[in-house]
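The values are calculated or read from the model by the stated rules, or taken from the named source; none is laboratory data. These numbers come from a predicted model, not from an experiment. All Cβ positions, glycine included, derive from the backbone under ideal geometry; neighbour counts span all protein chains shown.
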There are 2 protein chains.
Amino acid sequence: MFDIGLIRVLTSSDETLLNAHGALLEKAYPGLRVESRCIPDQPEGIHSPAMEAHAVPKIVELARTAFAHKDMIMVSCAEDPGVPQVRAALPGMPVIGAGEAAAALALKHSERIGIVGITDKAPKAYIRMFGAPLYDAQGERNADASDAGPCTLVANLRPHGVHSTLDLMDDEGHAACLASARALRDKGAGVIALGCTGMATIGIASAMERASGLPVVDPVLAMGAFACFEAAKRRL
Amino acid sequence: MFDIGLIRVLTSSDETLLNAHGALLEKAYPGLRVESRCIPDQPEGIHSPAMEAHAVPKIVELARTAFAHKDMIMVSCAEDPGVPQVRAALPGMPVIGAGEAAAALALKHSERIGIVGITDKAPKAYIRMFGAPLYDAQGERNADASDAGPCTLVANLRPHGVHSTLDLMDDEGHAACLASARALRDKGAGVIALGCTGMATIGIASAMERASGLPVVDPVLAMGAFACFEAAKRRL
């Protein structure tokens with residue numbers, strides 16, 4: 001078994017919620033064993049730069065104290081908070097963030113990447129890898145964007161009326177997600193990556209694939225593929 | 001078990017050689033089962049566009065006739081020959097090429113990608129995803145290249161004196177590979193991807209990691225990570 005320490009950035013004492021991503025990974029990847037911990041005092045998770053700045057030292061501290069003996073550490077948030085800092089704090093430890101994992105896997109499918117998430121700005125890994133989005137949320141051409149590179153971030157869409165993963169659970173939120181997926185396809189996206197790990201647990205990816213005809217990459221599952229890759233390297 | 005049909009583009013009746021990539025994948029990823037077949041009449045594999053054009057219909061035919069019932073098909077060549085054509089011929093079948101797999105995984109590590117291979121031109125997936133190399137093999141700035149996009153192909157290096165994987169087996173070839181890895185690091189690469197699947201079987205990746213201090217992505221192992229990802233999606 002390949003032992004993973006998974007960091008949740010949403011504080012919770014509900015064991016089912018805390019373990020949701022870990023349980024999904026263990027079901028999907030039989031060779032992985034996942035222990036989940038959350039950082040303290042972050043009841044709303046991370047949805048602003050100030051919240052991220054507040055969370056990073058706590059993420060590093062949790063990685064150091066609870067997970068230094070693991071085979072790999074996952075930061076289960078599409079914004080990848082604290083990922084460079086954990087790498088710096090624990091040299092030699094494989095560390096992966098959900099955003100960078102999804103962004104990299106998405107590129108296999110197409111150089112034109114669309115994001116469906118719950119924030120108005122694309123997670124930083126997507127911007128770092130692919131640049132500013134070509135279109136804004138209203139479908140207007142973004143003046144800051146350049147499509148000079150071969151890879152393009154088509155747009156980052158927050159489905160209508162959706163501000164948190166809770167909004168995805170009802171019929172309206174679900175339908176809005178599917179509409180966003182189709183809108184990205186119509187703007188020329190060749191693949192959709194989910195911009196929030198909270199979307200993993202509600203199984204929206206496969207419904208969006210059916211609605212849009214495009215492959216949809218889930219960030220939690222994407223981290224699992226990188227864990228398998230790390231485990232594979234050790235077995236040789 | 002997740003059943004994979006693996007296509008070798010080098011014709012061989014030597015079972016050990018034929019199964020080399022499959023054996024590596026099964027060792028590294030315990031959940032994968034790999035059946036390997038090679039295309040006929042391609043004794044030198046593929047190392048020119050004409051050879052590739054000749055191989056593509058044979059790759060599609062092999063995929064159709066031998067592997068249509070598999071869970072996934074791999075084309076075990078960094079040039080990804082026939083990958084789009086196999087996708088078109090077998091709708092719904094997951095298909096992965098070694099080049100696109102390595103290129104996508106490499107991006108997780110860094111936006112500045114270097115390649116060590118056995119040809120003078122980068123495999124097409126790297127150019128499609130990251131553009132023309134910034135530097136040529138002599139270390140000169142490439143006039144065709146643009147670093148306008150966030151991702152950059154730093155250079156594609158063929159180690160001195162190396163023209164085939166056979167040249168890698170002796171001490172000189174091995175040392176030349178390590179020198180190329182260090183040269184890419186010195187040009188600013190943040191990750192190295194191997195440009196030939198024949199390099200997988202000689203275990204050069206870990207030696208190059210030690211020599212350069214950079215992560216090195218092996219294309220055969222990279223396909224395995226995508227196979228795990230496909231298998232994971234089915235389990236949910």
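Points worth noting:
- Residue in region A:54-70 that is within 30 Å of B:TYR126 (Cβ to Cβ), in contact (Cβ under 8 Å) with a residue 60 or more places away in the chain and surrounded by 15 or more Cβ atoms within 10 Å (Cβ to Cβ) present: no
- Qualifying position, being closer than 19 Å to A:PHE130 by Cβ, over 19 Å from the mean Cα position of the chain (by Cα) and part of a loop (DSSP other than H, G, I, E, B), among B:GLY188, B:GLY149, B:GLY139: B:GLY149
- Breaking point among (1) surrounded by fewer than 15 Cβ atoms within 10 Å (Cβ to Cβ); (2) over 16 Å from the mean Cα position of the chain (by Cα); (3) modelled with pLDDT of 85 or more, for B:ASP120: (2)
- Flag if A:LYS27 is over 15 Å from A:PRO94 (Cα atoms), basic (Lys, Arg) and either surrounded by fewer than 23 Cβ atoms within 10 Å (Cβ to Cβ) or within 17 Å of the chain's Cα centre (by Cα) (or both): yes
- Any hit, region A:167-178, residues being modelled with pLDDT of 90 or more, more than 23 Å from A:GLU44 (Cβ to Cβ) and not in a loop (DSSP other than H, G, I, E, B): yes
- Filter result for B:VAL154 (touching a residue at least 60 places away in the same chain (Cβ under 8 Å) and either outside any helix (DSSP H, G or I) or not polar (S, T, N, Q) (or both)): no
- Looking at A:HIS21, A:HIS54, A:HIS47, A:HIS69, just one residue is within 14 Å of the chain's Cα centre (by Cα) and over 21 Å from A:ALA225 (Cβ atoms), and that residue is A:HIS47.
- Just one of the listed residues (B:SER164, B:SER180, B:SER212) is within 23 Å of B:ASN19 (Cβ to Cβ) and either touching a Pro at 6+ places or on another chain (Cβ under 6 Å) or among the small types (Gly, Ala, Ser) (or both), namely B:SER164.
- Selection status of B:GLU52, at pLDDT 95 or above and not basic (Lys, Arg): no
- Of everything in region B:21-44 that is among the aliphatic types (A, V, I, L, M) and not in a helix (DSSP H, G or I), the residue that is nearest to the other protein chains (Cβ to nearest Cβ) is B:LEU32.
- Some residue of region B:56-73 being part of a strand (DSSP E or B) and not polar (S, T, N, Q): yes
- Residue check, B:PRO81 in contact (Cβ under 8 Å) with a residue 40 or more places away in the chain, more than 14 Å from chain A (Cβ to nearest Cβ), more than 25 Å from B:LEU18 (Cβ to Cβ) and not hydrophobic (A, V, I, L, M, F, W, C): no
- Considering residues of region B:89-105 that are over 8 Å from the mean Cα position of the chain (by Cα) and of a type in the set (A, V, I, L, M, F, W, C) only, the residue nearest to the other protein chains (Cβ to nearest Cβ): B:ALA104
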